[in-house]
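The values are calculated or read from the model by the stated rules, or taken from the named source; none is laboratory data. Note that the structure is a prediction, hence the values are computed from the model and not measured. Please note: Cβ atoms are built from the backbone with ideal geometry, for glycine as well, and neighbour counts cover all protein chains shown. When the accessible area is computed, the model is the full protein with side chains, heavy atoms only, and any ligands, DNA or RNA have been set aside. Shrake-Rupley method; radii C 1.70, N 1.55, O 1.52, S 1.80 Å.
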Amino acid sequence: MVSTHNFTCQVVIPNGGQALHDVVSRWSDTYIDLPAIVVKPDSEADIVDAIKYAKDNSLTLVTANGSHAPFVPVTSNTLYLDMTNFNGVTVDQSADTVRIGGGASTGEVIKGTTAQGYYTLWPNSDAVGYVGCLLGGGSDTMNGLHGFMIDAVESMQLITTDGVRLEISPSSEGNERTLFNALCGAGFGLAVITSVVMKAFRISRLRLTDNSIWTRRVVLPASAILMASRTFVSMQQLPQPLSVSMICLRSPPNAQTPGAPLIMITGSYFGPSEEGEEVASALFADDLISQALSARTDLVPFADANLALKPLSAHGDYKSFSSTLLDTIDVETIVTGFHRWLRLGEQYEDARPTSLVFNKWDTKVTSDHGQTDVGRGKFFEHRNQGMLANAMCWCASEETRGPIEQFGDEFLKIMRRNSSGQVRCIANNLRPGMDLGELYSGQKLEELRKLKVFWDPYRILWSPW
């Protein structure tokens, strides 16, 4: 019998008749059931109590900050640790750093830093839990400018499964330094992170026009896939402040043509507008614009950096990732993947929310970070690949899950058909049952399993290792 008498914070014990979404709100309904208990800590002492409770009752503790990890199973044997109250964002202007609570969302981080004239590295969804994304490596829109999110970590504050509070950093030694390195890219299930200190950068140093991100966005119909793919592929040797993406999605229900397949190519430049227009000139080409449904150039305030992708952050339904890092991609591969995506939506209307996302960035900074003493130790081994291809699979019906999972597998085969050597993915987009060799070398996996035994010998925390 589950009881709450040892807790001083908010606790929910679901009963069998409750609807799942009345207890736990998650981005995806994949691999989730009613947990045994939900604990919403207000303090570190509450977290220690939750860890002890999980151990005493043979429960698996799942830490939730943004609830955007569809690969983490929540079962009737789960203690669901809702970190929402650990959402502080404090900028230290004297040190050019920001301390971010373990439960803060990306939107809260953006709001808290930009209000002080700063930014740090973040993913492209305001709803994503900041620390959860960081623990998986953290690919961001500023990869080319500053590196991955893990490259900006100054320190981490955490609670071990022994209930010990630690502050670890690159200057830590022994097992604590190894733990820090693992948390930077393979951090699932090793400790409960209560806060991180990240490098913070002054927005003024980017020399932005009107303190805003120069953004060029071209929207095209499905008939223009060849032109769109050629444009995307042609944008090579990107300058560090430029991030380029191509998204394939269907128009929303309230659009003039609901469900119509669209292609959106976006260039975001973290510098002066005139420089952005020059380096992203391919997005102004006459042959591209002649086929476009719309083309516009905007100055997007830093606080609204992720606003355009807000619809993709809605909670509920069945969602999963099928993603891969790539060295390069050709036009034929993109077109083949696109037509396979079109067929999915034609065969299963319920799968039409599924989208394709292609991102590319300059790899010099990410590679350079990996050559430093600090960078070499971190659990992120694929810094030379400057492209991410991702199918965000999405359906509302349980019956459609099989077809979209099959589509995800086929999409990966298409994207990787010209790859040589080991295929790679980042831990943020882990898939249940996947070969963990896609994430880490055999040596790193062996280290991870040893770390798991050392820091969580009773396997209290959920972990894929």
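Residues in region 28-75 that are touching a helix residue (DSSP H, G or I) at 6+ places or on another chain (Cβ under 8 Å), modelled with pLDDT under 95 and polar (S, T, N, Q): Thr30, Asn65. In region 270-291, the residues that are closer than 15 Å to Ile225 by Cα and surrounded by fewer than 16 Cβ atoms within 10 Å (Cβ to Cβ) reach residues that are β-branched (Val, Ile, Thr) and modelled with pLDDT of 95 or more with C-beta atoms within less than 9 angstrom, at least six apart or across chains, in these pairs: Asp287/Thr231; Ile289/Val218.
Only one of these is of a type in the set (D, E, K, R), over 23 Å from the mean Cα position of the chain (by Cα), modelled with pLDDT of 95 or more and under 30 Å from Leu439 (Cβ atoms): Arg230, Arg205, Arg177. Name it.
The conditions single out Arg177.
Every condition in (1) part of a helix (DSSP H, G or I); (2) free of Cβ contacts under 8 Å to residues at least 60 places away in the same chain; (3) open to solvent by 40 Å² or more (accessible area, probe 1.4 Å); (4) not aromatic (Phe, Trp, Tyr) is met by Pro252 except one, and the failing one is (1).
Annotation: of all residues in region 410-465 being part of a helix (DSSP H, G or I) and among the β-branched types (Val, Ile, Thr), the one that is nearest to Ile168 (Cα to Cα) is Val453. Within region 120-135, residues that are farther than 21 Å from Gly189 by Cα have Cβ atoms under 9 Å from residues that are basic (Lys, Arg) and modelled with pLDDT under 95 in these pairs: Ser125/Lys310; Asp126/Lys310; Ala127/Lys310, counting only partners at least 6 apart in sequence or on another chain.
For residues in region 109-132 being over 19 Å from Pro311 (Cβ atoms) and in a helix (DSSP H, G or I), which is most open to solvent (accessible area, probe 1.4 Å)? It comes out as Lys111. Residues that are at negative phi, crowded, with 20+ Cβ neighbours inside 10 Å and among the hydrophobic types (A, V, I, L, M, F, W, C) are absent from region 308-318 altogether. Of all the residues in region 365-420, those that are exposed (fewer than 15 other Cβ atoms within 10 Å of the Cβ) and closer than 25 Å to Pro239 by Cβ number 4.
How many residues does region 340-351 contain that are touching a residue at least 60 places away in the same chain (Cβ under 8 Å) and surrounded by fewer than 21 Cβ atoms within 10 Å (Cβ to Cβ)?
Matching residues across region 340-351 total 4.
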